[in-house]
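Peer 1: What follows is a structure written as structure tokens; I'll ask about it next.
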Amino acid sequence: MAQPPSRPGARDLTTGPIGPTLLMFALPTLASNILQSLNGSINAIWVGRLLGESALAATSNANNIMFLMFAAVFGFGMAATILVGQSFGRRDIDGARRAFGSAVGLVFWSAVIVTTLGWVFAREILYLLATPGDAMPLALIYLRISFLGLPSAMLIVLMTMGLRGAGDAMTPLFVTAFAAVLDVGLNPLFILGWGPIPAMGIGGSATASLIANLAAAVGLVVFVYARDLPIRLRGAELSYLFPARDVVWAIVSKGVPIGAQMIVIAIAGLTMFGLVNREGVDTSAAFGVTLQLWAYVQMPAMAIGAAVSAMASQNIGAGKWDRVEKITGSGILFNIVITGTMVLALIAFDRPVMALFLGSDSAALPIARHIQLIATWGFLLFGMTMVFFGVVRANGAVLGPLAILFVAMFPLRLGFATLARPMLGVDALWWSFPVGSITTVTLAALFYRYGPWRREKLTVPSAHETDCHAHIVDEPGGSFKPVG
């Protein structure tokens, strides 16, 4: 069996001290998340200051829709990350490349279809969200251009997730930095116009993001091949972009439930935004700014969750279950310390930070401060949930987390927001967030401790196995089946 390559980008996460290794792997991912959030926040500042609160509310509505679109690619990307990580843990480099190439092949045409449908039905989608009338024309322009950038953005997500599965967290950081700097620099130029560049208003903000993502995607492909990173495909390996049935099933059977988890979150978020929009433009803008700040608070949890998943998948592939338990404990500890610090920092400095988006005299500012004081602490629980989910998903357990999220988002969070409205007024919307977080972390901990996820077994069928399977067995699934 092949040994792990010694080229840049390949890192063995199955050896060495767990705490320091986890932290050093999580830090570049955290830095990537910070850059992505800074990118979005600075662009929101440009839009809010240059175009007004209606434009800011428009981008908030459109960005929530794009999150729903990314949910689909996240599922396939996470499935590929798990398979890549476990393949590296087993020293199966060819299996890692098959998983990655197959995910790219599946997602490309899906992105084209979603982009086309999104452009055509953008207005209807915004109507379903009850987008405020003042924001509707702006949101339509922004959303349609954002859909055009979806294929390149999805490719970036897939490639960076594949690299993390191989133990490489630095290359995704470099790509994120390049895209963020380019996007932030182009935003005011396209919004206001400069030289031969016409003033495009809110459409300029979306166009700047489209160009930045396209340039970053092309640059990442060139970099991967120039440095010969582990996920690169050459020669006969390019056929992995046209995956066989077994490999498609291996990715889809896990990727669809993972993507469904994100879709549940996205639909719950869109439903919540619909409820918020009914409160008027000021409340909608305040909620949009709060979401911008929450993106920073949840960054450590997301980074630690990604690092835990990558480390757990490699160690599960190597059969080192004792390290998996220690990875879980270290992830929870780091989350409490780092996310707790972020929560305290936001509470201490919320007013001057929010004023960057809205201005110190905005009517939306006190609403935004009130929202974050009620709900922000729940991200401590969210971070713990990310650790539990990251570990169980690393062995292919995806239906349990999906059921937990569905229960927490819909019967609990949205049910509370609706039923408690007569008693709490609009505050019922904000209190529903910690209610959902308490439910999610409780069920996630119970599933981690008592669920059957340890009995799963994931493998990527080899090219020889796939060919034989195609001729002999008329049953999907290959070697990607749960075992007792």
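The values are calculated or read from the model by the stated rules, or taken from the named source; none is laboratory data. Keep in mind that this is a model prediction, so the values were computed, not measured. Virtual Cβ from ideal backbone geometry, glycine too; neighbours counted across all protein chains shown. Surface accessibility is based on the protein's heavy atoms, side chains included, excluding ligands, DNA and RNA. Shrake-Rupley method; radii C 1.70, N 1.55, O 1.52, S 1.80 Å.
Peer 1: If each residue of separation counts as 0.36 nm, what is the full-extension length gain between Ile336 and Arg421 once their alpha-carbon separation is subtracted?
Peer 2: On the way: separation 85, 0.36 × 85 = 30.60 nm, distance 3.13 nm.
That pair, Ile336 and Arg421, stretches by 27.5 nm at full extension.
Peer 1: Sticking with this structure for a sec: What does the charge add up to near Ala364, with Lys and Arg as +1, Asp and Glu as -1, over the other residues with Cβ less than 15 Å from its Cβ?
Peer 2: My count for the surroundings of Ala364 gives -3.
Peer 1: What is the angle, in °, between the Cα long axis of helix 53-89 and the longest principal axis of the Cα atoms in the chain? Nearest 10 is fine, range 0 to 90.
Peer 2: Helix 53-89 sits at roughly 10 degrees to that axis.
Peer 1: With charges only on Cβ, +1 for K and R and -1 for D and E, what is the dipole size of the chain about its Cα centre, in debye, rounded to 20?
Peer 2: With Lys and Arg at +1 and Asp and Glu at -1, about 740 debye.
Peer 1: How high is the relative contact order of region 350-450, given as a whole-number percent (alpha carbon pairs under 8 Å, six or more residues apart)?
Peer 2: Working: 79 pairs, mean separation 33.9, N = 101.
Reported as a whole number, the value is 34 percent.
Peer 1: Further question: Lys and Arg at +1, Asp and Glu at -1: add these up for the other residues within a Cβ distance under 12 Å of Leu402 and post the number. All intermediate terms of the calculation are to be shown ahead of the outcome.
Peer 2: Numbers: positive: Lys254, Arg393; negative: none.
Summing Lys and Arg as +1 and Asp and Glu as -1 gives +2.
Peer 1: Here is a further query. How high is the relative contact order of region 20-106, in percent, counting Cα pairs under 8 Å that sit 6 or more residues apart?
Peer 2: So the answer I get is 16 percent.
Peer 1: Using θ = phi - 60° and the Karplus form 6.51 cos²θ - 1.76 cosθ + 1.60, what ³J(HN,Hα) does each residue of region 291-297 get, whole Hz, x for Gly and Pro?
Peer 2: Result, ordered by residue: 4, 4, 6, 5, 4, 6, 5 Hz.
Peer 1: If we count every other residue with Cβ under 13 angstrom of Met272's Cβ, Lys/Arg +1 and Asp/Glu -1, where does the sum land?
Peer 2: Charge balance near Met272 sits at +2.
Peer 1: In Å², and per residue, what accessible area does the chain have when probed at 1.4 Å with the other protein chains present?
Peer 2: Dividing the accessible area of the chain by its residue count gives 40 Å².
Peer 1: For a protection proxy built on the mean count of beta-carbon atoms within 10 angstrom, sort 335-346, 305-316, 52-63 highest first, please.
Peer 2: Taking the mean over residues of other Cβ atoms within 10 Å, the ranking is 305-316, 52-63, 335-346.
Peer 1: Calculate how steeply helix 170-192 sits against the longest principal axis of the alpha-carbon atoms of the chain, using the helix alpha-carbon long axis, and give the answer as 0 to 90 degrees to the nearest 10.
Peer 2: Approximately 30 degrees, to the nearest 10.
Peer 1: Next up: Per the helix-only calculation at 222 nm, which mean residue ellipticity applies to the chain, given -39500 (n - 2.57) for every DSSP H run of n ≥ 4 and division by its residues, nearest 500 deg cm²/dmol?
Peer 2: Roughly -26000 deg cm²/dmol at 222 nm, from the helical runs in the chain.
Peer 1: Related question: What distance in nm separates the two pseudo spin-label positions at Tyr225 and Leu399, each 7 Å out from Cα along the beta-carbon direction?
Peer 2: 4.2
Peer 1: Moving on. Does a label point 7 Å from the Cα of Leu189, set along Cα-to-beta-carbon, have any residues of region 205-227 with amide nitrogen under 11 Å, and which are they?
Peer 2: Inside the label zone: 208, 212.
Peer 1: Would you mind checking the tilt of helix 245-277 against the longest principal axis of the Cα atoms of the chain, expressed as 0 to 90 degrees and rounded to 10?
Peer 2: Taking the Cα atoms of the chain, the angle to 245-277 is about 10 degrees.
Peer 1: For Cα Rg over 2.2 N^0.38 Å, pick the label among [x] 1.14; [y] 1.21; [z] 0.96 that corresponds to the value derived from the coordinates.
Peer 2: [z]
Peer 1: Test of understanding: what is the full-extension gain from Asp94 to Val112, defined as 0.36 nm times their sequence separation minus their Cα-Cα distance?
Peer 2: Between Asp94 and Val112, full extension yields an extra 3.7 nm.
Peer 1: Remind me, what semi-axes does region 220-332 give for its equivalent ellipsoid, largest first in whole Å, using sqrt of 5 times each Cα gyration tensor eigenvalue?
Peer 2: Numbers: eigenvalues 255, 98, 58 Å².
They are 36, 22, 17 Å, listed largest first.
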